[in-house]
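The values are calculated or read from the model by the stated rules, or taken from the named source; none is laboratory data. Remember, predicted model here, so these are calculated numbers, not experimental data. As a convention, Cβ positions derive from the backbone with ideal geometry for all residues, glycine included, and neighbour counts pool all protein chains shown. Remember, those area values only see protein heavy atoms, side chains included, never the ligands or the DNA or RNA. Shrake-Rupley method; radii C 1.70, N 1.55, O 1.52, S 1.80 Å.
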Amino acid sequence: MNRLLSLRIAAVLLLLLMGAASTMAQPRQKFSVSSFGLDQFDLTAKNEAYKKVDGNGSLYAIIKVTSTNPDDDLKAYNFNFGNMNSLVEQHDGELWVYVQRNAKMVTISRQGYTTINKYDLQTTIEEGRTYTMQLSSQGKVVKMQMVLFNVKPADSKAMITIKGSATGDAETPLGITDSEGLLAKGLNQDTYTYKVLAEGYHPSEGRFTLNDQNQRHEETITLRPMYSVITLNVTSDADIYVNGEQKGRRTWKGKLNAGTYQVECRQANHRPSVQSITVEEGTPQTFSLTAPTPITGSLSVLSQPLNATIYVDGKEQGVSPIILNDLLIGEHSISLKKAGYNDLTQTVTVKENETTEVNLTLNNIPVVMDEKTFTVKGHGKTVTFKMKLVKAGTFQMGSTTGYDNEKPVHSVTLTKDYYMGETEVTQALWYAVMGQSPTSDGSKWESKFGKGDNYPAYNISYEDSKQFLTKLNQMTGQTFRFPTEAEWEFAAKGGTKSKGYMYAGSNTIDDVAWYEKNSGDKTHVVAGKNANELGLYDMSGNVWEWCYDWYGSYSSSAQTNPTGAVSSSRRVDRGGSWRGYATFCRAAFRYSDGPSIHGSTLGLRLAL
């Protein structure tokens, strides 16, 4: 009984296994022989370059095999002629099967396909003859399915790679997610593993199977960040560096990967502060940083006469004589004011742990003329030009509606009267001083851009202008100079007589400026448009005018007699030109160029 039961169980298991094997077996594809025959005109088998001889000294015949399927892999086919020897070579899209004479049948097999057993060639293979055979095979049916990857957070810019389960499949880059964190791709039905890599996030892996071509498969992946959102604050106007990389000034908020960082706060004329912070993964943190330590010295100020009010960098500090302690090292602007005397401003350098002494003499206020006239004779020309008085005053420098470099609007006080050229430097004046038009880079005044004594001088670099000023001052005994950017804007806005115009003298640009819409692509004779409130012409348009200042950003704090950035690679030029847009001609618009730059739109206006 037990033995009989065991035999029955074994039989049932065998049937189940056979059924399972049958169920798991994949249907084989089929191929067939479309044609076979002798090519009586093909002598390849007897050609010295290709012929082969068997062990009996007889020539092999050649069967040239092709396929009706251009994508067919002919190398995958195997040919068996029974007891007849054969060998296979591939030649330019054909498979050459060398076979001994007297073969009558062949068995053709290929993995995954139904074998053709003992195919009747319906002829006897002859020695040294060439035959052709064409196979016809079923193309592989590939079923595909759409896959949508949804990676969070959406801005991670994740790289996704996949690997199919099919034999020989390699890991393949699929692509990078878009701005919404999505990536879609059509894939063959299979089981895949994938990896998701994104900067600042831990790698993520997964697996999915595609088996329904009528459904879109979705994979949602939420990445785990390796970083934290960090806020760094310092109480002074210091730049913040993390591991040597500048991040911001006063405050910075951003992402840092977990770990320890060296944070440094740097500020001019201060000793930097250095500290370490430890960032924990996934935990927002705020760090209050130690401010840099000021490096200071002292300043002793005497004046003739005494009791002059002293300003350091625009801030009132008392009256002379006085010793000012705990001043930051470096350059400071010292201004003295006393009724009945001209204001005096001087730059002094304070050194660490030293007392810098200055003794300044104020001059009585002379009679100020609203206009000065000068005459220059040189190189066969006599040129007369006028300088207009600009009274000292306070104004709001910059614009709330202009470009970013015109902001922030800030209060500027000019403590000393000065003069500005009534017009831009003319070609006649330049020639009288220099004896030639600008030629250092091959440039010159040309008729197409405006040429004549009363046209503005152009093609002038900042460096050219310095040489011009030096020679002009030698000829006149005066101290003509570049205007500072603040002096230029104050004068363009009308100084103490300002009516608040957008352009220099009007809110209607065509009344006061030559610019791209009315210039006819050239400069024009100076003073051809209306003057501004101070009697200054062409401060909007015609040619750009160089200023003294190195180009730099504005400060929001009130300033007295500012002279621009300490250093830079570019000098300020202002006013717009005949080639520029209307907005460039606004009194508050700022521009800059390298000191050696020339151009048909670059000129000069004198200050005194």
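For the reader, a short list of remarks on this structure follows.
- Each label point was placed 7 Å from the Cα along the Cα-to-Cβ direction; for SER35 and SER447 their separation is 8.3 nm.
- Eigenvalues of the alpha-carbon gyration tensor of region 311-456, scaled by 5 and square-rooted, set the equivalent ellipsoid semi-axes at 40, 21, 18 angstrom, largest first.
- Ordering 504-517, 175-188 by mean Cβ neighbour count within 10 Å, with the highest value first, yields 504-517, 175-188.
- Under 5 Å, built H, 5+ apart or other chain: amide partners of ASP39: THR130, TYR131, THR132
- Extension gain, ASP71 to GLN189, is 40.4 nm, computed as 0.36 nm per intervening residue step minus the present C-alpha separation.
- Coupling constants for region 341-355 follow from the phi torsions by the Karplus curve (6.51 cos²θ - 1.76 cosθ + 1.60, θ = phi - 60°), and in residue order they are 10, 5, 4, 10, 10, 9, 8, 10, 10, 9, 10, 4, 6, 10, 10 Hz; glycine and proline get x.
- Whole-Å semi-axes of the ellipsoid equivalent to the chain (Cα gyration tensor, √5λ, descending): 91, 39, 21
- Rounded to the nearest 10 Å², the accessible area of SER288 at probe 1.4 Å: 100
- Sum of side-chain charges, TYR501 neighbourhood, beta-carbon under 12 Å (Lys, Arg +1; Asp, Glu -1): +2
- For region 49-59, 3J(HN,Hα) per residue [Karplus equation, 6.51 cos²θ - 1.76 cosθ + 1.60, θ = phi - 60°, Hz, x = Gly/Pro]: 6, 10, 5, 9, 10, 7, x, 8, x, 9, 6
- Along region 577-583 the Karplus relation, 6.51 cos²θ - 1.76 cosθ + 1.60 evaluated at θ = phi - 60°, assigns HN-Hα couplings of 8, 4, 9, x, 5, 4, 5 Hz to successive residues, with x for each Gly and Pro.
- In terms of packing, defined here as the mean over residues of other Cβ atoms within 10 angstrom, the peptides 596-608, 321-333, 292-304 line up highest first as 596-608, 292-304, 321-333.
- Built amide H within the under 5 Å cut-off of ARG101, gap 5+: ALA61
- Net charge, LYS351 excluded, C-beta distance under 12 Å - Lys, Arg +1, Asp, Glu -1: -4
- If you take the Cα centroid of region 142-219 and the Cα centroid of region 433-497, the two points sit 66 Å apart.
- Measuring r between the beta carbons of GLN467 and ALA268 and using R0 = 35 Å, the FRET efficiency lands at 0.60.
- Sequence-separation-based contact order of region 165-278, relative, with Cα cut under 8 Å and 6+ spacing, percent: 16
- Interchain or long-range residues, amide H under 5 Å from VAL390's placed H: TYR418, TYR419, MET420
- For the chain, the relative contact order comes to 8 percent (Cα pairs under 8 Å, sequence separation of at least 6).
- Which listed pairs, of LYS75/LYS163; LYS157/LYS195; LYS46/LYS118; LYS388/LYS471; LYS444/LYS522, have C-alpha distances above 18 Å, in listed order: LYS75/LYS163; LYS46/LYS118; LYS388/LYS471
- Share of carbon and sulfur in the accessible heavy-atom surface of region 465-603 [1.4 Å probe, %]: 47
- Cβ-derived FRET efficiency at R0 22 Å, GLN346 paired with ILE323, nearest 0.05: 0.85
- Extended-chain gain in nm, criterion 0.36 nm per residue less alpha-carbon gap, SER557 and ASN405: 53.2 nm
- Per-pair calculated FRET efficiency, R0 = 25 Å: SER165 and ASN214 via Cβ, rounded to 0.05: 0.70
- Computed from label points 7 Å out along Cα-Cβ, the spacing between GLU371 and LYS386 is 0.2 nm.
- Residues in region 518-556 that a label on ASN507 would reach, taking backbone N under 13 Å of a point 7 Å out along Cα→Cβ: none
- Nearest 10 degrees, 0 to 90: helix 2-24 Cα axis against the chain principal axis: 50
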